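Following: one structure in structure tokens, then a few remarks.
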Ligand code: SF4
């Protein structure tokens, strides 16, 4: 048994090529935001989610074989690595007093992050302005979640997730509300309730708004880190892939990053950057370096096919491309002293959607 690839290279391969599941295998998470349609795996100290649906995964030369308690990765039918799978957490078996299953309120991401889309609707979903990769409405249509989660519900689930499954931090996101400040206020209320109930470190994600006092308000609510996701530095790509969000210029994001870093500190503000949307790698790297100099962690991820979206059957970028960008971004992070491990909460700390943290070594 053995692969000629280094562990981080194998993780990149799996995120780019996906993995075929043998019949009877538990499918992993279906639909939604974040690591949708994926299987959670642990490689040493790192965790990743690996795509399991879409043409790419169906035709992958990697497959997963589960044998009792053990699991193995096969390449063209040959075992190349044993792997630890992230199992179903115990809190999924519980429900609220009024009968709502806990896993309709929040999910386990990676090994120890509790994640919730606190508002599962988006003002852009039906208007032709939705982000092409997003599956926020899919889970709702499938009845896997609730349109709005209350602070009280989230505090209750968080308490159980800490007690039963050792959760250490929280990621809260939301679709865009007609008045974006209302959505951010709800994220803040949810963060505060979780913090008061559990003391957990909390990350929230939202789009920049005009009111720059929002960052200190969120900090007062107990928020530890924030994410504002550009997805691409290339305005043409943004107009094609995220037409609604593209109305906010890239400059607005950088203005907001600067204010957020003032409030939350370096390494505690992040932005998702998706590779595989047709962007120039040189421009992407330049944009990442600009973020890093400001203290913003560019969380570089490969495009991920999500079922029932325009991207369902698109192929993630080639592993070679991901290795190139991860290597360069990791070098720039090291140069400015930013590290995933120093992020207090959220996607950068979790790291399961990217192999960038493994390249930081
Ligand atoms: S990186 Fe973010 S979206 Fe991905 S699994 Fe972790 S918390 Fe979820």
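The values are calculated or read from the model by the stated rules, or taken from the named source; none is laboratory data. Source: prediction; values computed, not measured. Heads up, the Cβs are rebuilt from the backbone with ideal geometry, glycines too, and the neighbour counts pull from every protein chain shown.
Just one of (1) buried (at least 16 other Cβ atoms within 10 Å of the Cβ); (2) within 29 Å of residue 83 (Cβ to Cβ) fails for residue 121. It is (2).
If you go through segment 99-133 and pick out every residue that is outside any loop (DSSP other than H, G, I, E, B) and in contact (Cβ under 8 Å) with a residue 12 or more places away in the chain, you end up with 13.
Among the residues of segment 80-90, which ones are buried (at least 19 other Cβ atoms within 10 Å of the Cβ) and within 16 Å of the ligand (Cβ to nearest atom)? 86, 89 - these are the residues of segment 80-90 that are buried (at least 19 other Cβ atoms within 10 Å of the Cβ) and within 16 Å of the ligand (Cβ to nearest atom). Residues in segment 29-46 that are surrounded by fewer than 23 Cβ atoms within 10 Å (Cβ to Cβ) and modelled with pLDDT of 85 or more were compared, and the one that is nearest to the ligand (Cβ to nearest atom) is 40. The number of residues in segment 340-355 that are out of contact with any helix residue (DSSP H, G or I) (no Cβ under 7 Å at 6 or more places or on another chain), part of a helix (DSSP H, G or I) and buried (at least 24 other Cβ atoms within 10 Å of the Cβ) comes to 2. Restricting attention to segment 205-217 and to residues that are free of Cβ contacts under 8 Å to residues at least 40 places away in the same chain and crowded, with 21+ Cβ neighbours inside 10 Å, the residue that is nearest to residue 249 (Cα to Cα) turns out to be 206.
Name the pairs: first residue in segment 81-98 and under 15 Å from residue 156 (Cβ atoms), second residue at pLDDT below 95, Cβ to Cβ under 9 Å, at least 6 apart or on different chains? Final answer for the pair search is none.
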